[in-house]
Amino acid sequence: MLRALVLLLLFTAAACSGSGDSGGANALPAGQEVLAKAAEAMKSVQTVGFTIATEGKPPVTVRSADGDLTREGDAQGKIQIEVLGALQELEFVLVGDTVHFKGPTGGFQKMTREQLRQVYDPSAILDPEKGVANLLSTASNPKTEAEEKIGSADAYRVALSLPQEALAPLVPGIQQGSDGQVWIDKASNRLLKASLPLGQGDASGTVVVTFADYDAPVTIKPPAG
């Protein structure tokens, strides 16, 4: 009887040990592996649709943005920025070195790309040297937490630490790094979403960046007139 009990305990222990094997079918890939594949996949993106939204009061000047952009750096969309405590919404079309923009009233005006960079340059997103690919490459402490759905896509959710230097080209006005989360498409290895907590106390919140319509046909032309 005692021998049978010992054998049963040994069998149970072996079974429990086997179910926790990191090589099992349901095991999550290492965070560093997920990010490395994502950084490489983002380098070849030709076009993408993007949105930036804020929750709470994160210490950034851009409150929201959405639009389309191309690998060449052309972009179009809308941006909402905070100026002296008031929100200003601008429509923009960026073609070559010229930015066409207008507020809620009136027609389009012009500025240079260099002037736009003082507020926000969306073309940085697809730049391999300072955009999303660089951001994912410079992240630290990545840990794959779960598999989740983002829209209809299956994604890995990865917790990570992102440095301020890599975030600044993507989130203007940011003065700190962020311990956030990213969601990486399992099929394409591309970034679908990033959640970036920022600030402290009353001046804190989250910046949420989402991407969609990768490599969809996009034609960006200067506005008429």
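The values are calculated or read from the model by the stated rules, or taken from the named source; none is laboratory data. Please read these numbers as outputs of a predicted model, since none were measured by experiment. Virtual Cβ from ideal backbone geometry, glycine too; neighbours counted across all protein chains shown.
Name the single residue, out of those in the stretch 96-120 being in contact (Cβ under 8 Å) with a residue 40 or more places away in the chain and touching a Lys or Arg at 6+ places or on another chain (Cβ under 7 Å), that is nearest to Ala65 (Cα to Cα).
Filtering first and then ranking leaves His100.
Considering each residue of the stretch 151-164, count those that are more than 18 Å from Leu196 (Cβ to Cβ) and at pLDDT 95 or above, and give that number. Full working, then the answer.
Applying the first criterion (more than 18 Å from Leu196 (Cβ to Cβ)) to the stretch 151-164 yields 151-154.
Of the ones still in play, those that are also at pLDDT 95 or above are 153-154.
Adding up the residues that qualify gives 2.
Do you know which of the residues in the stretch 177-196 that are of a type in the set (S, T, N, Q) and without any contact (Cβ under 8 Å) to a residue 60 or more places away in the chain is surrounded by the most Cβ atoms within 10 Å (Cβ to Cβ)?
Taking the stretch 177-196 first, the residues of a type in the set (S, T, N, Q) are 178, 181, 188-189, 195.
Going one step further and asking which of them are without any contact (Cβ under 8 Å) to a residue 60 or more places away in the chain, we end up with 178, 181, 195.
Values: Ser178: 22, Gln181: 19, Ser195: 17.
Ranking the qualifying residues of the stretch 177-196, first place goes to Ser178.
Among residues belonging to the stretch 60-77 that are among the charged types (D, E, K, R) and under 18 Å from the mean Cα position of the chain (by Cα), point out the one that is farthest from Val119 (Cα to Cα). Give the derivation first.
Residues of the stretch 60-77 that are among the charged types (D, E, K, R), as a first pass: 63, 66, 68, 71-72, 74.
Of the ones still in play, those that are also under 18 Å from the mean Cα position of the chain (by Cα) are 63, 66, 68, 71.
On the way: Arg63: 12, Asp66: 15, Asp68: 17, Arg71: 20 Å.
Checking each candidate, the answer is Arg71.
Taking the stretch 142-175, which residues are in contact with a helix residue (DSSP H, G or I) (Cβ under 8 Å, 6 or more places away or on another chain) and free of Cβ contacts under 8 Å to residues at least 40 places away in the same chain?
Narrowing the stretch 142-175 to residues in contact with a helix residue (DSSP H, G or I) (Cβ under 8 Å, 6 or more places away or on another chain): 142-144, 156, 158-160, 162, 166-167, 169-170, 174-175.
Result: Leu162, Ala166, Leu167.
Just for the stretch 126-140: of the residues that are in contact (Cβ under 8 Å) with a residue 40 or more places away in the chain and in contact with a strand residue (DSSP E or B) (Cβ under 6 Å, 6 or more places away or on another chain), which one is nearest to Thr51 (Cα to Cα)?
Going through the qualifying residues, I end up with Val132.
From the list Ala153, Ala139, Ala146, Ala124, pick out the single residue that is hydrophobic (A, V, I, L, M, F, W, C) and surrounded by fewer than 16 Cβ atoms within 10 Å (Cβ to Cβ). Quick ask: steps written out before the conclusion?
Numbers: Ala153 fails: surrounded by fewer than 16 Cβ atoms within 10 Å (Cβ to Cβ); Ala139 fails: surrounded by fewer than 16 Cβ atoms within 10 Å (Cβ to Cβ); Ala124 fails: surrounded by fewer than 16 Cβ atoms within 10 Å (Cβ to Cβ).
Testing whether each residue is hydrophobic (A, V, I, L, M, F, W, C) and surrounded by fewer than 16 Cβ atoms within 10 Å (Cβ to Cβ) leaves just Ala146.
Out of the strands (runs of 3 or more DSSP E) lying entirely within the stretch 47-150, which hold 1 or more residues that are closer than 20 Å to Ser161 by Cα and modelled with pLDDT under 95?
Per the criteria, 47-56.
Can you tell me how many residues within the stretch 197-225 are surrounded by 11 or more Cβ atoms within 10 Å (Cβ to Cβ) and part of a strand (DSSP E or B)? Steps first, answer last, please.
Taking the stretch 197-225 first, the residues surrounded by 11 or more Cβ atoms within 10 Å (Cβ to Cβ) are 197-199, 203-216, 218, 220, 222-223.
With part of a strand (DSSP E or B) added as a condition, the list becomes 197-199, 203-212.
The total comes to 13.
Conditions: (1) touching a Phe, Trp or Tyr at 6+ places or on another chain (Cβ under 8 Å); (2) under 24 Å from Gly56 (Cα atoms). Gln176 meets all but one. Number of the miss?
Failed condition: (1).
Of the conditions (1) touching a residue at least 60 places away in the same chain (Cβ under 8 Å); (2) within 18 Å of Lys221 (Cα to Cα); (3) surrounded by 15 or more Cβ atoms within 10 Å (Cβ to Cβ); (4) of a type in the set (Gly, Ala, Ser), Gly67 clears all except one; give me its number.
It is condition (1) that Gly67 fails.
Here is a check on your reading of the model: is Gly85 more than 19 Å from Val132 (Cβ to Cβ) and of a type in the set (Gly, Ala, Ser)? It would help to see each step written out before you state the result.
Numbers: more than 19 Å from Val132 (Cβ to Cβ): yes; of a type in the set (Gly, Ala, Ser): yes.
For Gly85, the condition - more than 19 Å from Val132 (Cβ to Cβ) and of a type in the set (Gly, Ala, Ser) - is met.
Residue check, Ala41 against (1) farther than 27 Å from Phe211 by Cα; (2) at pLDDT 95 or above, all met but one. Which one?
Among (1) farther than 27 Å from Phe211 by Cα; (2) at pLDDT 95 or above, Ala41 violates only (1).
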